[in-house]
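The values are calculated or read from the model by the stated rules, or taken from the named source; none is laboratory data. Computed from a prediction, not measured in an experiment: that's the story for all the values here. Cβ sites come from the backbone with ideal geometry, for glycine too, and all protein chains shown count toward neighbours.
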């Protein structure tokens, strides 16, 4: 059986740091108010002239350097994002051009905050098919471009960033992607949306005035959804592998809210210190969050060869899923 393994990763964070105090116009003592509810201290916003493809390109180049391969060796680029540069063409094609991956085909995946784990799932299956050897999966988002900065329920949650991982055939039972689990529930699609952004409700002067061109989220319902599906992901993947959560070295969750992690840590009896997080420094970077944390912890040596890591995402659609990876 063909098994894909991680051969390199890269990331990109904008240099524009936005502390919680930036939101003092919304709530009194915003730093304490936001941190106590989310665990976030600051996030990064792209500059006005930076698009999702710009961040994704840097992350892709860093992943190529880490893998020690040339862009011409990439067979496919899958970019997970819900903030593409434009509605068409695919942002992945722009990244392909930017990095010179002339032999690759490229496309986007939009499963909102689950986009990167969906991209990894697709990349893994392309390799398992035997038709492709080397596939790049990217998670990149610039939510600062679509936030309603008058909405004190959501605008402070998000940050911008991009992360990339290169998979290649050559793994086995002791290394590579061991098991995956992906799900969607379309009944929940209204909970996370940008109402006026496509063919159902095209952008008009009226929808702009009604602020329907901005991100909207039903926070309480999404919290309930997330705390239901996170244990499902952990338990299902561990069952597939014939292990218990205690056998995991680390879990990389989607970086949505540290209070979710506190809840899940207690519910699953998995030590909080073994959840790898960057939420305090980066906020919720949507599709980029899992990829950013993976790259950071590979580079700083926290994730070592032989470690068993469960990565998972959850978000709009509704969508959720995870991958069990032996490094």
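Some notes on this structure:
- Yes/no for residue 85 being within 30 Å of residue 149 (Cα to Cα) and either assigned by TED's automatic domain parsing to the domain that holds residue 318 or free of Cβ contacts under 8 Å to residues at least 12 places away in the same chain (or both): no
- Hits in the range 195-237 - residues which are touching a helix residue (DSSP H, G or I) at 6+ places or on another chain (Cβ under 8 Å), crowded, with 18+ Cβ neighbours inside 10 Å and either assigned by TED's automatic domain parsing to the domain that holds residue 110 or free of Cβ contacts under 8 Å to residues at least 24 places away in the same chain (or both): 196
- Tally of residues being assigned to a loop (DSSP other than H, G, I, E, B), surrounded by fewer than 24 Cβ atoms within 10 Å (Cβ to Cβ) and touching a residue at least 60 places away in the same chain (Cβ under 8 Å) across the range 41-54: 4
- Condition check for residue 183: in a loop (DSSP other than H, G, I, E, B) and at pLDDT 95 or above: no
- Top-ranked residue of the range 206-240 - restricted to ones that are farther than 22 Å from residue 319 by Cα and assigned to a helix (DSSP H, G or I), ranked as farthest from the chain's Cα centre (by Cα): 206
- In the range 86-112, residue nearest to residue 69 (Cα to Cα) [restricted to those that are part of a strand (DSSP E or B) and in contact with a helix residue (DSSP H, G or I) (Cβ under 7 Å, 6 or more places away or on another chain)]: 106
- From the options 153, 125, residue that is surrounded by fewer than 24 Cβ atoms within 10 Å (Cβ to Cβ), more than 19 Å from residue 67 (Cα to Cα) and touching a helix residue (DSSP H, G or I) at 6+ places or on another chain (Cβ under 6 Å): 153
- Flag for residue 115 being surrounded by fewer than 24 Cβ atoms within 10 Å (Cβ to Cβ) and either assigned to a loop (DSSP other than H, G, I, E, B) or touching a residue at least 12 places away in the same chain (Cβ under 8 Å) (or both): no
- Test for residue 184: is it touching a strand residue (DSSP E or B) at 6+ places or on another chain (Cβ under 7 Å), touching a residue at least 60 places away in the same chain (Cβ under 8 Å) and over 30 Å from residue 66 (Cα atoms): yes
- The one condition from (1) without any contact (Cβ under 8 Å) to a residue 60 or more places away in the chain; (2) surrounded by fewer than 17 Cβ atoms within 10 Å (Cβ to Cβ) that residue 255 does not meet is (2).
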